[in-house]
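Input: a single structure, listed below in structure tokens.
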Amino acid sequence: MDFFEHQDRARKNTKVLVFYFVIAVTCIIASVYLASLLIFYGTGQQADEPLSELVLWDPQLFLYVALGTLGVVIIGSLYKTAALSKGGSAVAESLGGRIVNPNTTHPDERKLWNVVEEMAIAAGVPVPKIYVLDDEKGINAFAAGHAPGDAAIGVTRGCMTLLNRDELQGVIGHEFSHILNGDMRLNLRIMGVIFGILCLAIIGRVLIYSRGGRDRNPLMFLGLALIVIG
């Protein structure tokens, strides 16, 4: 395998994905505009009056929708990115992780701590904080953080208890590769960006719950549309 060839291919794929993301945001704006146009047109009609002609292009409405949608995506992304700036611990704790005490006497936790510590020494990086997801019985693990200095490694309870030392070492070694290669930093950035889009669905829920129960209320229908689109 030619490593540099794969590296160049990955960079090209990244540019393509960024282009796709721009297209996705553009399609979201168009979808919100079309949904808003139809909703306000439908709710604005009187039951005893003939239907007026639907005008598909409304520059003022499009401007409001574009600015509003971009504002939500950008502000949501900045908020999530700031929340994740605390490093891997913020991610682990948001998933319900429990930090492992370095002085623990629990056999499985001691095994986990020793393996992580050995790997950190071998890799020449600080020992990351270690978290256990007690409610997860499956076998899984993750690494999170912006740099080795603020990294955290999380493992499920199943990973800690069901794997022997050699198997656990293989899993932890894989997570250290994410720490050393900067994968986890990229993942945190992606989480921040994607959260901006998910905020549309959150706003949709707020509109439904705050305006529910009223007939022909455009905000309720707009909320439903935002949930679907977001």
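Here's the list of lysines a cross-link from K129 could span, going by alpha-carbon distance under 30 Å and ignoring same-chain residues fewer than 8 apart: K80, K86, K111, K137.
Only protein heavy atoms count here; on that basis, with a 1.4 Å probe, I227 has an accessible area of about 60 Å².
In order along the stretch 19-35, phi translates into HN-Hα couplings of 4, 4, 5, 4, 5, 4, 5, 4, 5, 5, 4, 4, 5, 5, 4, 5, 5 Hz, rounded to whole numbers, per the Karplus curve 6.51 cos²θ - 1.76 cosθ + 1.60 with θ = phi - 60° and x for Gly and Pro.
Kirkwood's formula applied to the C-alpha pairs of the stretch 82-123 gives a hydrodynamic radius of 11.8 angstrom.
Put a dot 7 Å past the Cα of L56, heading toward its Cβ, do the same for N101, and the two dots end up 6.7 nm apart. Solvent-free Debye calculation, one equal scatterer per alpha-carbon of the stretch 1-106: log10 I(q)/I(0) at 0.17, 0.18 Å⁻¹ equals -0.98, -1.02. For the stretch 144-160, 3J(HN,Hα) computed residue by residue from phi via the Karplus equation (6.51, -1.76, 1.60; θ = phi - 60°) reads 9, x, 9, 8, x, x, 10, 6, 9, 10, x, 10, 6, 4, x, 5, 6 Hz, glycine and proline entered as x. Summing charges over all other residues whose Cβ lies under 12 Å from the Cβ of R110, with Lys and Arg as +1 and Asp and Glu as -1, gives -1. Overall form of the stretch 78-211: prolate. Here a/c, set by the Cα gyration tensor axes a ≥ b ≥ c, is 1.5 or more, and a/b is the larger of a/b and b/c. Summary value for the stretch 1-149: 20 percent relative contact order, contacts being C-alpha pairs under 8 angstrom separated by 6+ residues.
First select every other residue whose beta carbon is under 14 angstrom from the beta carbon of R98; then total the charges, Lys and Arg +1, Asp and Glu -1.
-4
A 1.4 Å probe run over the stretch 86-230, with the rest of the protein chains in place, finds 53 Å² accessible per residue. Across the accessible surface of the stretch 10-156, with the other protein chains kept in place and a 1.4 Å probe, carbon and sulfur atoms take up 64 percent. The ellipsoid equivalent to the alpha-carbon distribution of the stretch 119-164 has semi-axes of 22, 12, 7 angstrom, derived from the gyration tensor eigenvalues as √(5λ) and listed largest first.
Per 0.36 nm of contour for each residue apart, how much would the distance between A123 and A30 grow if the chain were fully extended, relative to their Cα-Cα spacing?
Stretched fully, the A123-A30 segment lengthens by 28.6 nm.
Backbone geometry of the stretch 189-199 corresponds, through the Karplus equation with coefficients 6.51, -1.76 and 1.60 at θ = phi - 60°, to 3J(HN,Hα) couplings of 5, 5, 4, x, 5, 5, 4, x, 6, 5, 4 Hz, x marking Gly and Pro. Neighbours of T81 by Cβ distance under 13 Å: Lys/Arg scored +1, Asp/Glu scored -1, total +4. Expressed per residue, the C-alpha convex hull volume of the chain stands at 168 Å³.
The values are calculated or read from the model by the stated rules, or taken from the named source; none is laboratory data. Nothing here was measured: the structure is a model prediction, and the numbers come from that model. Note: ideal-geometry Cβ built from the backbone for every residue, glycine included; neighbour counts use all protein chains shown. To get the accessible areas, we keep the full protein, side chains included, count just its heavy atoms, and leave off ligands, DNA and RNA. Shrake-Rupley method; radii C 1.70, N 1.55, O 1.52, S 1.80 Å.
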